[in-house]
Each structure stands twice: as structure tokens, then as C-alpha cells.
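Engineer: The structure's right below; bear with me while I get my questions together.
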Amino acid sequence: MKRIIFTPEDLVRIRVGSPLGALGETMLATRAVQRSNVTVYTGWRQQVGAAIPSDFGRIAEIFPAEENFLDLITPTRGARTMSGGIEALHLASRLELRNEVETVVRRRAEIGETPLPSWTAELFDRDGSTRQSVASAVEAFHSVAFAGRWAHIQTYLEVAAERMARTMAAEGVEGLLSGLMPHARWRAPVLEVLRAKACHDEHLAGRGLLIIPSLFAWPEPITLHSTVDETAPMMLIVPVLRDIGDFAAAWGPRGTNEALTALLGRTRAAALQVIAEGCSTTELARSLGISPATASEHASILREAGLVDSWRHRNAMRHEITTLGVALLEGDLSSNARIA
């Protein structure tokens, strides 16, 4: 068990954060696929295991199933898409990356866990080649782990975060913290977080707490904090799942949406599926095997229909699916996704 101890100042600095994004959630999925004793992921793990990328070992070394994984989530948090997460990793503070590596090295040595591989010392090199190899491995595993379902899962997590925020607005901090059962138990002024091993106490000391729902933080919540900013709130990443039924709901419906293909046409429906993962016009063209000009035209039509958002980032046009686009892709135009 880990005890998180609050001061009165911390209680007014509790917030619900947005989900981790594609990079962070894939890092946690890397740990989950290695946990053969976690039954909620059994079916998913069997499917993923049959298609593990050749460079998976690169990330499995730093995101193992045991407690002390290398925290690359804190330095890159806030990036919603995979491409945004990879860019955040390249732009991450070299000091912060160094601190993260040294922290894990020390913690693993203290409890006799397997040491970090020697190549992790290159993560904070100026040339960024090691960060690129990690990013490439995470991106390859993301494609296998989420099998084109990321847009639905992201929406599921965002809804979970909104639900938690509404609980806090309606029932206050007590209601939010009490609702973290069975993964954590609130006994003011202490939050007792479920852990299989005994852990040291965490005194927030006025930093506050950012609570974030996650699909692959299960069954134990994860605590993370910045190694370069002592005033930044601690992150508590909590499981959004209660059982395998929740996992099925998060994963969403399977199969091709033939009605979508009939409505948009096969190429444009495929374009919407590619954009659901987040991409640039060039990446969209490459995925569909069409010219950039044609890809731009498809994205423009989808944007005019309210299914896609686009914005310019440096020299590229980036595209991201909207809530309405996700609903159409999933064949679920419920009241939560009606056109305004």
C-alpha cells in the first residue's frame, strides 16, 4: 500500500487531468502485455502476442511489468496524438530525461531489480538517435496494441475524465476520492493506494494531485511526479477498468462499418480511419497510396463535414478526428455525438 498524505492546501489543488495520450497509454500497454497474471487483459494479450514487433524488446526493457519503469510519461504528457507525443519526446529536457534515468537506476539498485540497460544513458544525448529508436518502437507497438481502435479508446478515456470531473463538481473532493474504490481508499487526510508491495509515504506538501484515468494502469494506480519541478502536482494514474466487461466497452465494436463506406466512399472512409490515429497530409497520402493533393482534398471534405479538425504545425498540415467523426466511424450516433 502507498499512502498519499494531503494538507488542506492540497485538497484545494486536486484536479482531474485529461488522458495520457497515445504515447503514454502505449507505454503502459507495453507493461500490461508482459503481465501474464492479469486476467482482464488475457484475450487482448493473446492477440497482441501473435504480432509483437521485432523491436518490442527495446521498450520492454524500460517499461517492464515490475514497479520501477522509466517514466517518459511525465516529460511528454499533454500530447494527445502519437506524432505529438514523439515530438514531445524529442523536445523533452535533457536534464529531466537524465534525472528520470538516474532515479530508476537508484530505485532498482535499492531493491535488487534488474538494472536498466546501459543504452538508456544515451536517452539524453544531444543527437536524439536513442530517443528516436524508442519512439519508433513505441509507435510500432501502438499499431499492434490498439489495432486501429485508438480513436475509440481515447474517446472512452476522455468521457471517463469528464465523468470524474462532474463527480468532483457535484460531490466535491470527498466524492471524487471516495469514488476511486476499489483501487484506492480515502481516509482523510490520507489516500491509501492499492499496491501489492509496501511503499513509502508520499507527502504532497502543497503540490496538489492530478488524477488521470487510464486503460492500462491496472490493477494498481501509478504515481508519477516531475524530477525538475518540485511545485508541479503529483500525477495519480488510476484504472478506468473494473472488470473485463469494461475492457470490452473501452475497446468498442469490431468489424468494418459498411454503412460508413457506403456513405463516404471506400477511400474517404479509409482516410477517416487513418486520421483517427492522428496524421499529417503527407502521412495520410502515404497510408492510402494516393497523392498529397488528393489526400488534402479528402481531408478538406471530411473537415467541412465536421468529422475532422485540421491545423498547421510548422510546415505540415495536421489532422485529427472529431467526436462526431469517432461516432460515425464506430456507427454510434448517440445523443453524446449529435451534430449541434
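Engineer: Taking the criterion of being assigned to a strand (DSSP E or B) and open to solvent by less than 20 Å² (accessible area, probe 1.4 Å), would at least one residue in the stretch 155-177 satisfy it?
Structural biologist: Of all residues in the stretch 155-177, those assigned to a strand (DSSP E or B) come to none.
No, the stretch 155-177 has no match at all.
Engineer: Name, by its number, the condition in (1) open to solvent by less than 20 Å² (accessible area, probe 1.4 Å); (2) closer than 28 Å to Thr231 by Cβ; (3) of a type outside the set (D, E, K, R); (4) within 13 Å of the chain's Cα centre (by Cα) that does not hold for Ala29.
Structural biologist: Of the numbered conditions (1) open to solvent by less than 20 Å² (accessible area, probe 1.4 Å); (2) closer than 28 Å to Thr231 by Cβ; (3) of a type outside the set (D, E, K, R); (4) within 13 Å of the chain's Cα centre (by Cα), the odd one out for Ala29 is (2).
Engineer: Scan the stretch 62-75 and report the pairs whose first residue is part of a helix (DSSP H, G or I) and whose second residue is hydroxyl-bearing (Ser, Thr, Tyr), with Cβ atoms within less than 7 Å and a gap of 6+ or a chain change.
Structural biologist: Sorted first by the residue in the stretch 62-75, then by its partner, the pairs are Thr74/Ser226; Pro75/Ser93.
Engineer: When only residues in the stretch 40-66 that are surrounded by fewer than 17 Cβ atoms within 10 Å (Cβ to Cβ) and closer than 30 Å to Val190 by Cα count, which is modelled with the lowest pLDDT?
Structural biologist: Glu66
Engineer: Could you tell me how many of the residues in the stretch 198-225 are touching a strand residue (DSSP E or B) at 6+ places or on another chain (Cβ under 9 Å) and either open to solvent by 40 Å² or more (accessible area, probe 1.4 Å) or not aliphatic (A, V, I, L, M) (or both)? Reasoning before the result, please.
Structural biologist: Step one: filter the stretch 198-225 for residues touching a strand residue (DSSP E or B) at 6+ places or on another chain (Cβ under 9 Å), giving 198-205, 207-225.
Filter again for either open to solvent by 40 Å² or more (accessible area, probe 1.4 Å) or not aliphatic (A, V, I, L, M) (or both), leaving 198-203, 205, 207-208, 213-214, 216, 218-221, 223, 225.
Residues in the stretch 198-225 being touching a strand residue (DSSP E or B) at 6+ places or on another chain (Cβ under 9 Å) and either open to solvent by 40 Å² or more (accessible area, probe 1.4 Å) or not aliphatic (A, V, I, L, M) (or both): 18 in total.
Engineer: Looking at the stretch 1-17, which of its residues are assigned to a loop (DSSP other than H, G, I, E, B) and open to solvent by less than 70 Å² (accessible area, probe 1.4 Å)? Let's see the steps before the verdict.
Structural biologist: Going residue by residue through the stretch 1-17, those that are assigned to a loop (DSSP other than H, G, I, E, B) are 1, 6-7, 12-13, 17.
If the condition is that a residue be assigned to a loop (DSSP other than H, G, I, E, B) and open to solvent by less than 70 Å² (accessible area, probe 1.4 Å), then Phe6, Thr7, Gly17 are the ones that fit.
Engineer: Would you point out the residue of the stretch 90-111, among those that are open to solvent by less than 70 Å² (accessible area, probe 1.4 Å) and more than 14 Å from Thr76 (Cβ to Cβ), that is farthest from the chain's Cα centre (by Cα)?
Structural biologist: Arg108
Yes or no, residue by residue, for (1) farther than 27 Å from Thr130 by Cα; (2) among the hydroxyl-bearing types (Ser, Thr, Tyr):
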position	(1), (2)
Ile5	yes, no
Pro8	yes, no
Leu11	yes, no
Ser18	yes, yes
Ala50	no, no
Pro53	no, no
Arg58	no, no
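Engineer: Let me ask something else about it. Can you pull out the residues in the stretch 163-184 that are in contact (Cβ under 8 Å) with a residue 12 or more places away in the chain and out of contact with any Pro (no Cβ under 9 Å at 6 or more places or on another chain)? Walk me through how you get there before you give the answer.
Structural biologist: Our first condition is that a residue be in contact (Cβ under 8 Å) with a residue 12 or more places away in the chain; within the stretch 163-184, this holds for 164-165, 167-168, 173-174, 176-177, 179-180, 182-184.
Within the stretch 163-184, Ala165, Thr167, Met168, Val173, Glu174, Leu176, Leu177, Gly179 qualify.
The values are calculated or read from the model by the stated rules, or taken from the named source; none is laboratory data. Here the structure is a predicted model, which is why all the values come from computation and not from measurement. Positions of Cβ are backbone-derived with ideal geometry, glycine not excepted, and every protein chain shown enters the neighbour counts. The accessibility values were calculated without ligands, DNA or RNA, using every heavy atom of the protein model including side chains. Shrake-Rupley method; radii C 1.70, N 1.55, O 1.52, S 1.80 Å.
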